[in-house]
1. State the dimensionless ratio Rg/Rh of chain A (Rg: radius of gyration of Cα atoms; Rh: Kirkwood radius).
2. Sort B:109-115, B:170-176 by packing, meaning the average of other beta carbons within 10 Å per residue, with the highest value first.
3. Specify, for chain B, the residue whose C-beta is closest to the rotation axis mapping it onto chain A, with the distance given in whole Å.
4. Rounded to the nearest 5, what % of the DSSP beta bridges within the protein assembly as shown are antiparallel ones?
5. Of A:LYS106/B:LYS26; B:LYS26/B:LYS142; A:LYS110/B:LYS121, which sit over 32 Å apart, Cα to Cα?
6. Would you calculate the separation in nanometres between label points at B:ASN144 and A:GLU156, each defined as 7 Å from the Cα along the Cα-to-beta-carbon direction?
7. Just subtract the alpha-carbon distance of B:ASP133 and B:VAL83 from 0.36 nm times their residue separation and send over the number in nm, one decimal.
8. Within 10 Å of each Cβ of A:91-98, how many other protein chain Cβ atoms are there on average?
Number of protein chains: 2
Amino acid sequence: MKKTITPTTTIERLPIYYRCLQRLNKMNVDIISSQELGDKIGIPSTQVRKDLSYYGEFGRRGVGYEVPVLLKHLRKILGLDQVWEVALVGAGNLGHALVNYGGFRKLGLKIDYVFDADPNKIGKKFAGLKIHDVSKLQEVVKENGIKVGIIVVPAEHAQSIADDLIDAGVEALWNFAPTHLKVPQEIELKDEDLSIGLISLAYHLSQD
Amino acid sequence: MKKTITPTTTIERLPIYYRCLQRLNKMNVDIISSQELGDKIGIPSTQVRKDLSYYGEFGRRGVGYEVPVLLKHLRKILGLDQVWEVALVGAGNLGHALVNYGGFRKLGLKIDYVFDADPNKIGKKFAGLKIHDVSKLQEVVKENGIKVGIIVVPAEHAQSIADDLIDAGVEALWNFAPTHLKVPQEIELKDEDLSIGLISLAYHLSQD
DNA sequence: TAGATTGTTAATCGATTAACAATC
DNA sequence: TAGATTGTTAATCGATTAACAATC
């Protein structure tokens, strides 16, 4: 394994490889070449090999990659062999969709705690989880060693929720609020701004 | 205006500028410098200027950018001065969240038609919209000149829905199904794979 | 051995950033 | 004029891709 910095673009492709391999594994495909794998996800074979090379040598020359072996390596690399406690703040439509999202379960990820500020929601069930009072957020995060927070609250509350989560020990944030959050450098922040996708389609259509 | 190709990264930042300027405009901020704008969204001033320069000269040297003027230009550039008919296929949780998503309304975008295959859902109301039978998809798309399709169906159905939409005249697809869609080159495709965000957080946490 | 495919180096391509002349 | 900030060029940085030796 080399001590080079892995490009962020490579990291973003790892989950895509992982899911594709999961499907192949379920179909009892045993060996796959970088060419075939690349074709399935729409990237060149050379990029597949380069990406994997940042983490080790997982294939056999002249043969290809053993699906179960590569899968196991990727699971480890992605941290999916560990259990991450995840808290979601904001029991709205989008929060509901996320808690129920089938994609997570398949990956061994799940959301464990849901919080909201609305007294009418607190205590109610939400996709099988009890909605906690957001005033208890820090307490619950600390007690349960929650490391990942998902922010699905209105933009104007996002920063203060982020501050609270970080204060209580969360190390990674997934932010759906359409606003720029200020967080310390050591906190992992992933912005997921849903309106950008639709706007960029409108942009491309209006260019023609 | 130069005849250079605009980087895709620039295009993805345009909606962020737009939303930030909308907020500034509402706060009656009249003039903003590239430095201030960049600070607000977490990018260097030089990138703001460079990005905007692909489309024209919107600022005044020594002064900055007039918020309403820049906003107007961006609205035009992003195609938000036009009305786009949008159809969503898949009346599940995530579809519901998208139809209700406040971020779109603020931008003058909205979802107009919802489709599903479930007989129990067809005809029912869904966030204020009637759920149409997916078997009528092509018909409705053609009749109403729908140009944008949002795919929120299970992965195994995504490709055939995409084919149907394209066949009926849709030119841009926003795909939430965790699968690689094959579409003709002239079709604008934006993938929005929600599990990637969460996995990449797990990855970063497990690196430490 | 002959054919196939990996892992890696080097070349290319594209995006960001520093620097500064233009100009308000 | 002096101070500020744009628009743009050129330098830098980072990611992709082509090419090929290594090797199964």
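1. Over the Cα atoms of chain A, Rg/Rh equals 1.03.
2. Values: B:109-115: 21.4, B:170-176: 23.1.
Averaged packing, sorted descending, gives the order B:170-176, B:109-115.
3. Spelled out as residue then distance in Å, it is B:ALA97, 2.
4. Around 25 percent antiparallel, to the nearest 5.
5. Numbers: A:LYS106/B:LYS26 43 Å; B:LYS26/B:LYS142 38 Å; A:LYS110/B:LYS121 27 Å.
Pairs exceeding 32 Å: A:LYS106/B:LYS26; B:LYS26/B:LYS142.
6. 3.2
7. 15.6 nm
8. On the way: counts 0, 4, 11, 8, 2, 4, 10, 6.
For this peptide, the per-residue mean of nearby foreign Cβ atoms is 6.
Quick note: the coordinates plus some simple rules give every number you see, no bench work behind them. Keep in mind that what you see is a predicted model, and the values were worked out from it rather than measured. Counting neighbours? That spans all protein chains shown, and the Cβs are built from the backbone with ideal geometry, glycine included.
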